[in-house]
1. Would you check which residues across the range 273-297 are open to solvent by less than 40 Å² (accessible area, probe 1.4 Å), in a loop (DSSP other than H, G, I, E, B) and either of a type in the set (Gly, Ala, Ser) or more than 17 Å from residue 133 (Cα to Cα) (or both) and list them?
2. Considering the range 3-15 alone, what residues qualify as being outside any helix (DSSP H, G or I), closer than 28 Å to residue 101 by Cα and either without any contact (Cβ under 8 Å) to a residue 60 or more places away in the chain or of a type in the set (D, E, K, R) (or both)?
3. Restricting to the range 105-117, name every residue that is surrounded by fewer than 18 Cβ atoms within 10 Å (Cβ to Cβ) and either under 23 Å from residue 181 (Cα atoms) or touching a residue at least 40 places away in the same chain (Cβ under 8 Å) (or both).
4. Considering only residues that are under 15 Å from residue 132 (Cβ atoms) and part of a loop (DSSP other than H, G, I, E, B), look in the range 308-341 and name the one that is most open to solvent (accessible area, probe 1.4 Å).
5. Take the conditions more than 20 Å from the chain's Cα centre (by Cα), crowded, with 19+ Cβ neighbours inside 10 Å and assigned to a loop (DSSP other than H, G, I, E, B) and apply them to residue 305. Does it pass?
6. Tell me, please, whether a residue that is open to solvent by 30 Å² or more (accessible area, probe 1.4 Å), under 19 Å from the mean Cα position of the chain (by Cα) and free of Cβ contacts under 8 Å to residues at least 12 places away in the same chain can be found in the range 134-153.
7. Just the residues that are open to solvent by 60 Å² or more (accessible area, probe 1.4 Å) and either within 22 Å of residue 201 (Cα to Cα) or in a loop (DSSP other than H, G, I, E, B) (or both), please, taken from the range 342-354.
Amino acid sequence: MEEVTLAEVLKEADYKTFFAGKWHLGDTGFYPEDQGFDINKGGHHKGRPPGGYYSPYKNPKLSDGPEGEYLTDRLTNESMAFLEENKDHPFLLYLSYYTVHTPIQASKKHIAKFEAKKQALKDSVALFKKEGIGQTVINQYNAAYASMVYALDENVGRLLEKMEALDIMDNTLVIFTSDNGGLTTLMANRKAPTSVRPLRAGKGWAYEGGIRIPLLIKRPGQKQGNEIDAPVISMDMFPTILSELDLPLRPDLHQDGISLSPLLDGKENVSHKSLFWDYPHYHGSGWTPGQAVRKGDWKLIYFYEDDLYELYNLKDDISEEHNVAQTRADKLEELKEALKYYNEKLEAPRPTRK
């Protein structure tokens, strides 16, 4: 099925469009340049850098750099060059860093700093908590991973400084977010590189560790920040960007999302009444087929294999340690109805036993 992307919509509005980094959304014929991006630096069908984080990259969409060049630095350099060339024109810069995806390869520039910090830790080796058939790392122990996060932070700073130097910060919308929670949970014979405690589990799971992600939005000209406590989801970015850029909304293209502009304006009660996640698959993290729905502070998770429901109050139990499905029958039924609604509306495929 043909989809119309944000890049295609902005290109129609005469925006220059640029993509750098991880794509992982299709092979030949479905690359960024086939989906509305004028320029593609490094986006292809693989979800991890094929040659690792140092040149030669073995990436069909990114030329090799000088020996020792770090991929995170390179993608920022490409993005900064794009800004230089397009500072006087409306643009979409979509920078999708490969870091901190595996393979975990330290930033050589920063690794010594974090090796030293590791020596000072009380627990410098990984500690685990069982999660289904997997195990979750519950402490920070990996200096190489820390150096990658630091390099990411450094490079986001470089990009923002470039925007300031080009005098375009006050008329640019900036969004920083992630595609999933940290890689903290893997099958029992593998060791994950990071922890997101106090959240439970991580990437691949519908517990908060897998789906609660960073989201920072800086509006053009905004000088002071504030924190908004409202459940939103990545599909909201499409209509939010259109709204913030004073472009017409395209409800046929972003049916699952809502504009967050009213929330950013300080208006309350304009967020989603409920949110739904459907992942009827097995995952290397140990997740088994299941679904989740959130409504207000309440969240229901359903596991197909055991026909099991788990109910949590996220306001009181952010770590999802206390399953109250047996004691809050009223909320259990309310969220089961919400789950039923989404399954019927979306005709969600259900796994079956052989």
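1. Result: 274, 284, 285, 286.
2. 3, 5
3. 108, 109
4. Across the range 308-341, the extreme among qualifying residues is 321.
5. No: the conditions fail for residue 305.
6. yes
7. Once the filter is applied, which keeps residues that are open to solvent by 60 Å² or more (accessible area, probe 1.4 Å) and either within 22 Å of residue 201 (Cα to Cα) or in a loop (DSSP other than H, G, I, E, B) (or both), the range 342-354 yields 347, 349, 350, 352, 353, 354.
So that you can scan it fast, the table gives a plain yes or no per residue for (1) open to solvent by less than 70 Å² (accessible area, probe 1.4 Å); (2) in contact with a helix residue (DSSP H, G or I) (Cβ under 6 Å, 6 or more places away or on another chain); (3) assigned to a loop (DSSP other than H, G, I, E, B):
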{"site": "156", "(1), (2), (3)": "yes, no, no"}
{"site": "181", "(1), (2), (3)": "yes, yes, yes"}
{"site": "193", "(1), (2), (3)": "yes, yes, yes"}
{"site": "201", "(1), (2), (3)": "yes, yes, yes"}
{"site": "206", "(1), (2), (3)": "yes, no, yes"}
{"site": "210", "(1), (2), (3)": "yes, no, no"}
{"site": "227", "(1), (2), (3)": "no, no, yes"}
{"site": "236", "(1), (2), (3)": "yes, no, no"}
{"site": "241", "(1), (2), (3)": "yes, no, no"}
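The values are calculated or read from the model by the stated rules, or taken from the named source; none is laboratory data. The structure displayed is predicted, hence computed values, not measured ones. All Cβ positions, glycine included, derive from the backbone under ideal geometry; neighbour counts span all protein chains shown. Accessible surface is based on the protein model in full, side chains and every heavy atom, while ligands, DNA and RNA are left aside. Shrake-Rupley method; radii C 1.70, N 1.55, O 1.52, S 1.80 Å.
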